[in-house]
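Here the structure is laid out as structure tokens; the discussion comes afterwards.
The values are calculated or read from the model by the stated rules, or taken from the named source; none is laboratory data. Keep in mind that this is a model prediction, so the values were computed, not measured. Please note: Cβ atoms are built from the backbone with ideal geometry, for glycine as well, and neighbour counts cover all protein chains shown. What goes into the accessible areas is simple: the full protein's heavy atoms, side chains included, and nothing from ligands, DNA or RNA. Shrake-Rupley method; radii C 1.70, N 1.55, O 1.52, S 1.80 Å.
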Amino acid sequence: MAKLVLEKVEKRYEGFHAIKGVDLAIDDREFVVFVGPSGCGKTTLLRMIAGLEEITGGDFSIDGVRANDIPPDKRGLAMVFQTYALYPHMTVAENMGFALKMAKVPKAEIVAKVSQAAAMLQLDKVLDRRPKALSGGQRQRVAIGRAIVRNPKGFLFDEPLSNLDAALRVQMRTELVKLNKELQTTMIYVTHDQIEAMTMADRIVVLNGGIVEQVGSPLELYNNPANLFVAGFIGSPKMNLLDGEIVARDDHGAQVALADAGVVTIAADGIEAGPGTRVTVGMRPEHTMLAESGPIGGVADFVEHLGNETLVYVKRPNGGMMIVKADELAGIRMGDPVTMAPRTDRASLFGPDGRALIRRTFHLH
Amino acid sequence: MSEAITKTGGLRVTGRSRGSRQVNTLPLLLPAVALLLLWSVLPLLRTLFYSFEHYNLMSPPAVLNGGLNYRYLFTDVSTWVAIENSVILVVGVLFASIVFGTLIALLLNNDFPGRNVARLMAIAPFFVMSPVAALIWKNLLLDPVSGLFGWLMMLVGLRPIAWFSTDPMTAVIIIYSWRWIPFATLILLTALQSLDTDQLEAARMDGAHGFARLRYIVLPHLGRPIAIVIMLESIFLLSAFAVIYTTTNGGPGDATTTLTYLIFIKALNDFSIGSASAAGVFAIVLANILAFFLIRAVSKNLQR
């Protein structure tokens, strides 16, 4: 139960500005994911929230109480580390009960809380073992259990799944989301993996170079990336980006002349730019179609048959690459010349400063 | 590291893999084994043989005298005094080096200006030769007339202590501790530096500060290196000789005569090679019994 508010939060190291003013309000019980490339400041921001890093500017509050100077163990937040950071000389039960022991909770209560959390995480059979005797997945669960036992207001996860194998990672992903619903607590989760972010988050915070690029639900980020960085970072395979210039505009969209290609129509209710503006057209591989006599030409350089879909890597005449998610029966082979067109109602448009020029509303049916 | 040890330790060579190994390893091992026999087993056997002889350099020739050397050894009070002295010395120095070694290592692990110089200074005594260290301590530090400590005690109005006549064993322990605390510091400091920072931060989140952090996180982490310090220092201290020889000559009386020093007295003061050999064999047996328990304790600790 915690509402966390960051206002103009900054982190300056000597000669390095790691976090450049972050404004963010995290609601109670929300599952928020910080995502971004390495060095973007996502872990630093999480550690500032945890209290492990000093906040050098701005305000951070928990449930309306300024928390900048509250020591980490008094903030009521529990953290799960990337390396799990289990105490190697303690058993699983001792690891999980350590925070309570430090808080001078009576022994019987510690035992009760530990066994309750252990049952929840299927650790009841390994309570007497030391971390070394556990599998990677079990260690991960002990680290989570150690956090649960404290009954915290919020959980902080620092890339907790990156040391697990792929199958276990997928399983733990769903378990963590379930845990969020079961425990009804706020969770902040840091990852560089955009698939983890998309699958788990209520809201995603995209960070880059110490600033927040965009905050929104996974689908909002996917459909309406606020700028070129988010457009390129969210979605796999990556969005195709093509340079061009607006040649005509009306109430229902715009005509964009692409460099080294023909004119494409972008349908949108409002576009914040007029003819003559240099723009970047973004079209996701799944919104790029192979169309006979389409405006964008190229040669199929490489074809990947994944079964449910086929990815065609197209080499453009100007040397650029584009990816098309095609029907598995399209019958394209390497070396075939292809022409493509965007789905006009799904393409994005970015201005010369990289900011999105259109914003679409989608309704889930 | 220990994970690797336990893993290889747990490896069983199966019949199939043994069969597939075609190399005959005996010729490869032979030179090393032969050298070992020559240098270590042969002298040991010689010593064993001498220990059953009446062999005094002042009254040759040597003749077998059955187990008489051993009977004299075990009935002689000075043997048991020497063993007691050895134990006091080893335990005293071990206690000092672990307590002070840990404290100094914790201190040097902090960040402060001049840390590297301080670390070097703290380690330096280990590189001073034993006789040199012993002479400096005897003449410049502990001497009641010309020593620094005597002067300091007079400054505060106390009577200087004549260490080597009133409390010689403590003086010897102090000198050996001065030499061996740096060794413990070095090992414990490197161990502290390998302590996972994530673990310390997890402890911070769990609310373990100051003493609780030391008690529950840092000291358990140091268990293994402390076991190594105990083992290595025991081996070296059991054969400690130079400082005793330089400062007290085992005296006054037999106050600082350890088992090692007793053997030296028997062999090179009394010229009784036979009884010195008997004491030596006894010392080897004792050391091996000790080593057995030590190595078992340490390896148990390493496997954790």
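Computed quantities for the displayed model
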quantity: By average C-beta atoms within 10 angstrom, highest first, the peptides A:187-198, B:260-271; calculated: A:187-198, B:260-271
quantity: Distant-in-sequence amide H partners of A:Gly253 (H built 1.01 Å from N, under 5 Å); calculated: A:Ala268
quantity: Helical contribution to [θ] at 222 nm, DSSP H n ≥ 4, -39,500 (n - 2.57), averaged over the protein assembly as shown, rounded to 500; calculated: -13500 deg cm²/dmol
quantity: Radius 12 Å from Cβ of A:Thr339, net charge of other residues (Lys, Arg +1; Asp, Glu -1); calculated: -1
quantity: Distance (nanometres) between label positions extended 7 Å along Cα→Cβ at B:Leu64 and A:Asp69; calculated: 8.8 nm
quantity: Area accessible to solvent at A:Arg316, 1.4 Å probe radius, in Å²; calculated: 10 Å²
quantity: 3J(HN,Hα) from dihedral phi, the stretch A:241-254, Karplus parametrisation 6.51/-1.76/1.60, rounded to Hz, x for glycine, proline; calculated: 10, 10, 7, x, 9, 5, 10, 8, 8, 9, 5, 9, x, 8
quantity: Heavy-atom accessible area, 1.4 Å probe, ligands and nucleic acids excluded: residues of the stretch B:175-202 down by at least 50 Å² from chain alone; calculated: B:Asp198, B:Gln199, B:Glu201
quantity: Residues of the stretch A:4-232: accessible area per residue with a 1.4 Å probe, Å²; calculated: 41 Å²
quantity: Whole-angstrom gap from the stretch B:30-68 to the stretch A:131-166, using each part's C-alpha centre; calculated: 63 Å
quantity: Counting all C-alpha pairs of the stretch A:1-134, share separated by more than 18 Å (%); calculated: 63 percent
quantity: HN-Hα J in Hz across the stretch B:131-148 - Karplus 6.51, -1.76, 1.60, θ = phi - 60°, x for Gly and Pro; calculated: x, 5, 4, 4, 5, 4, 5, 5, 9, 9, 10, 8, 4, x, 9, 9, x, 5
quantity: Surface accessible to a 1.4 Å probe, B:Ser59 within the full protein complex, Å²; calculated: 60 Å²
quantity: Whole-Å distance, taken between Cα centres, linking the stretch A:10-28 and the stretch A:168-226; calculated: 19 Å
quantity: Evaluated over the stretch A:237-350, the Cα radius of gyration and Dmax, each in Å; calculated: 14.1, 43
quantity: The stretch B:105-157 and the stretch A:234-264: distance between their alpha carbon centers, rounded to Å; calculated: 78 Å
quantity: GNM flexibility winner over chain A from A:Tyr84, A:Tyr13, A:Tyr313 (Cα, springs under 10 Å); calculated: A:Tyr13
quantity: Partner chain coverage, peptide A:72-79 - average Cβ within 10 angstrom; calculated: 3
quantity: Whole-percent pair-distance distribution, where bins are 20 Å wide, for the alpha carbons of the protein assembly as shown; calculated: 13, 30, 27, 18, 9, 2, 0
quantity: With Cα atoms, 0 to 90° folded angle of helix A:136-149 axis to chain A main axis; calculated: 60 degrees
quantity: Separation in nanometres of the label points that stand 7 Å from Cα toward Cβ, at A:Asp23 and A:Ala267; calculated: 3.6 nm
quantity: Once the Cα gyration tensor of the stretch B:73-144 is diagonalised, semi-axes √(5λ) in Å; calculated: 34, 18, 9
quantity: Percent breakdown of C-alpha pair distances by 5 Å bin, ordered from the shortest bin, for the stretch B:69-303; calculated: 1, 6, 12, 14, 15, 15, 12, 10, 7, 5, 2, 1, 0, 0
quantity: FRET efficiency, 1/(1 + (r/R0)^6) with R0 45 Å, evaluated for B:Leu195 and B:Glu84 via beta carbons; calculated: 0.70
quantity: Nearest-ten-degree value, helix A:107-120 long axis tilted from longest Cα axis of chain A; calculated: 30 degrees
quantity: Accessible carbon and sulfur surface of the protein assembly as shown relative to its total accessible area, %, 1.4 Å; calculated: 61 percent
quantity: Proximal charge balance of A:Asp269 [Cβ under 15 Å; K/R count +1, D/E count -1]; calculated: 0
quantity: Summed buried accessible area for A+B [probe radius 1.4 Å, Å², rounded to 100]; calculated: 2000 Å²
quantity: For the stretch A:4-232, radius of gyration divided by Kirkwood radius, i.e. Rg to Rh on alpha-carbons; calculated: 0.97
quantity: GNM flexibility winner over chain A from A:Arg129, A:Arg29, A:Arg47 (Cα, springs under 10 Å); calculated: A:Arg129
quantity: Length-normalised contact order for the stretch B:69-303 - Cα pairs under 8 Å, 6+ apart - percent; calculated: 30 percent
